[in-house]
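S.K.: I'd like to ask you about the structure that follows.
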Amino acid sequence: MKVYTELDVWKESRILVGSVYKLTRSFPKEELYGLTNQLRRCAVSIPSNIAEGCGRRTAADTIQFLHISRGSLYELETQLFIALDLNYISQEDFNNLNNRVISCKKLINGFINYFKSNRK
């Protein structure tokens, strides 16, 4: 297997983190410890859990961390909807970021399937 830093899923999720940080800079100050913090924390957990999973010894352990990463993607997606509902982000910003979330979901699902097929 490749080193995790060479994986497309890890690279894409890092780009997603940067996008979330840039987007949340314009959030209201009262959201610093609320939605801003939540968005940033779950975004950071995506590539972090991919890396941690790749550092595990068994495929089952790796898959577990990939599932955690995927869960963070769904959490991030929900928080983006909430930011849109609160008019903290525009529809265009939402669409751009959500397209990146969808891309990361596809990549991580493929990576999970790869590990599952190699366990048999």
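The values are calculated or read from the model by the stated rules, or taken from the named source; none is laboratory data. Owing to the predicted nature of the structure, the values given are computational and were not obtained by experimental measurement. Because the Cβ atoms are built from the backbone with ideal geometry, glycine has one as well, and the counts that use them run over all protein chains shown.
S.K.: Test LEU73 against the stated conditions and say whether it is more than 19 Å from ARG14 (Cα to Cα), crowded, with 18+ Cβ neighbours inside 10 Å and under 16 Å from the mean Cα position of the chain (by Cα).
M.R.: For LEU73, the condition - more than 19 Å from ARG14 (Cα to Cα), crowded, with 18+ Cβ neighbours inside 10 Å and under 16 Å from the mean Cα position of the chain (by Cα) - is not met.
S.K.: What's the number of the only condition in (1) without any contact (Cβ under 8 Å) to a residue 12 or more places away in the chain; (2) in a helix (DSSP H, G or I) that ARG56 fails to meet?
M.R.: (2)
S.K.: Does GLY34 qualify as being within 14 Å of LEU97 (Cβ to Cβ) and free of Cβ contacts under 8 Å to residues at least 12 places away in the same chain?
M.R.: The answer is no for GLY34.
S.K.: Also, I was wondering about something else. Applying the selection to the range 70-98, what residues are in a helix (DSSP H, G or I) and of a type in the set (A, V, I, L, M)?
M.R.: LEU73, LEU76, LEU80, ILE82, ALA83, LEU84, LEU97
S.K.: With (1) surrounded by fewer than 16 Cβ atoms within 10 Å (Cβ to Cβ); (2) closer than 16 Å to ARG40 by Cβ; (3) of a type in the set (A, V, I, L, M, F, W, C) as the list, and PHE81 as the residue in question, which single condition is left unmet?
M.R.: Single failed check for PHE81: (2).
S.K.: Can you confirm whether GLY53 is among the small types (Gly, Ala, Ser) and surrounded by fewer than 19 Cβ atoms within 10 Å (Cβ to Cβ)?
M.R.: When the stated conditions are applied, GLY53 does not pass them.
S.K.: Further question: Considering every residue within the range 99-119, establish whether at least one is more than 14 Å from TRP10 (Cα to Cα), within 11 Å of the chain's Cα centre (by Cα), assigned to a helix (DSSP H, G or I) and in contact (Cβ under 8 Å) with a residue 12 or more places away in the chain.
M.R.: No, that holds for no residue.
S.K.: With the condition kept exactly as written, say whether any residue in the range 31-38 is farther than 17 Å from PHE115 by Cβ, of a type in the set (Asp, Glu) and modelled with pLDDT under 95.
M.R.: Scanning the range 31-38, I find at least one residue that is farther than 17 Å from PHE115 by Cβ, of a type in the set (Asp, Glu) and modelled with pLDDT under 95, so the answer is yes.
S.K.: To continue, here is another question. Looking at this structure, is SER19 small (Gly, Ala, Ser), closer than 20 Å to LYS116 by Cβ and at pLDDT 95 or above?
M.R.: Considered against the rule, which asks whether it is small (Gly, Ala, Ser), closer than 20 Å to LYS116 by Cβ and at pLDDT 95 or above, SER19 comes out as no.
S.K.: Taking the range 1-47 as the search range and keeping residues that are among the small types (Gly, Ala, Ser) and within 9 Å of the chain's Cα centre (by Cα), which one is surrounded by the fewest Cβ atoms within 10 Å (Cβ to Cβ)?
M.R.: SER45
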